[in-house]
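Novice: Input: one structure, supplied below.
The values are calculated or read from the model by the stated rules, or taken from the named source; none is laboratory data. This structure is a prediction, so every number in the text was calculated from the model and none was measured. Here the Cβ is made from the backbone with ideal geometry for all residues, glycine too, and neighbour counts use every protein chain on show. In case anyone asks, the SASA skips ligands and DNA or RNA and just uses the protein heavy atoms, side chains included. Shrake-Rupley method; radii C 1.70, N 1.55, O 1.52, S 1.80 Å.
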Amino acid sequence: QVRLVESGGGLVQPGGSLRLSCAASETRFIIDGMGWYRQAPGKQRELVAEITTGGELNYAVSVKGRFTISRDNAKSTGYLQMNSLNPEDTAVYYCNALLSANGGRDYGDYWGQGTQVTVSS
């Protein structure tokens, strides 16, 4: 069964940058659409950024201009570039992707395992 594997989280100082990656475990899959979510302690999970199946990019107001979502289907991998990080960005970040293979005959909705991002001095 294909999985999404996240990487790139960690501890960063305010004003710093991180790039999160979300890779499909089988490279025969492409990312049809994807979203990055985050959940801070005591808060609900929120959508941070998404690429729709039509290729539209959408961002939460709190991250617009600082975060950039992208995908590279040659590598079956999605990314979230995060710049100008502040302590309010501290959370566990999850990727969610619609993966497609075999001309769409294999299609499903998958979640990554989550990666911790901590912004602190």
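Novice: Which GluC sites (Glu not before Pro) from region 43-121 combine a DSSP loop assignment with at most 12 other Cβ atoms within 10 Å?
Specialist: Counting only loop positions with at most 12 other Cβ atoms within 10 Å, the GluC sites (Glu not before Pro) in region 43-121 are E56.
Novice: Please report the accessible area of S84 (heavy atoms, 1.4 Å probe, ligands and nucleic acids excluded) in Å², nearest 10.
Specialist: The accessible area comes out at roughly 70 Å².
Novice: So for the pair S25, V61, with labels modelled 7 Å out along Cα→Cβ, what separation do we get in nm?
Specialist: It is 3.9 nm.
Novice: Another one. Might you report the magnitude of the Cβ-based charge dipole of region 1-98 about its Cα centre, with Lys and Arg at +1 and Asp and Glu at -1, to the nearest 20 debye?
Specialist: 100 debye
Novice: Take D72 and L11, extend 7 Å from each Cα along the Cα→Cβ direction, and tell me the distance between the two endpoints in nm.
Specialist: It is 2.9 nm.
Novice: What is the set of long-range amide H partners of F67 at a cut-off below 5 Å, with H atoms built 1.01 Å from backbone N?
Specialist: N83
Novice: Same structure, new question: If you average 1/r over all unlike Cα pairs in region 1-56 and invert the result, what Kirkwood radius do you get in angstrom?
Specialist: Here the Kirkwood hydrodynamic radius works out to 13.5 Å.
Novice: Could you estimate the translational diffusion coefficient of the chain from the Stokes-Einstein equation, with Rh from the Kirkwood formula over C-alpha pairs, at 37 °C and 0.692 mPa s, in whole µm²/s?
Specialist: Result for D is 228 µm²/s.
Novice: Further, regarding this structure: Where the accessible area of region 43-114 is counted over protein heavy atoms with a 1.4 Å probe, how much of it, in %, is carbon and sulfur?
Specialist: Answer for region 43-114 is 46 percent, counting heavy atoms of protein chains only.
Novice: Still on this structure: Could you tell me, in Å, what Rg and Dmax come out for the Cα atoms of region 58-109?
Specialist: When restricted to the Cα atoms of region 58-109, Rg and Dmax are 14.1, 43 Å.
Novice: Per 0.36 nm of contour for each residue apart, how much would the distance between A40 and Q116 grow if the chain were fully extended, relative to their Cα-Cα spacing? If you can, show how the numbers build up before the last one.
Specialist: Details: separation 76, 0.36 × 76 = 27.36 nm, distance 0.97 nm.
Length gained between A40 and Q116: 26.4 nm.
Novice: Which of the peptides 89-98, 16-25 is most tightly packed, and how do the rest follow, going by the mean number of other Cβ atoms within 10 Å of each residue?
Specialist: Those peptides, ordered most packed to least, come out 89-98, 16-25.
Novice: For region 29-111, state which trypsin sites (Lys or Arg not before Pro) are in a DSSP loop and have at most 15 other beta carbons lying within 10 Å of their beta carbon. List each step's numbers first, then the result.
Specialist: Numbers: sites: R38, K43, R45, K64, R66, R71, K75, R105; in loops: K43, R45, K64, R66, K75, R105.
Those satisfying the criteria are K43, R45, K64, R66, K75, R105.
Novice: Which whole-number percent gives the relative contact order of the chain, counting Cα pairs below 8 Å spaced six or more residues apart? All intermediate terms of the calculation are to be shown ahead of the outcome.
Specialist: Numbers: 302 pairs, mean separation 43.1, N = 121.
Answer for the chain is 36 percent.
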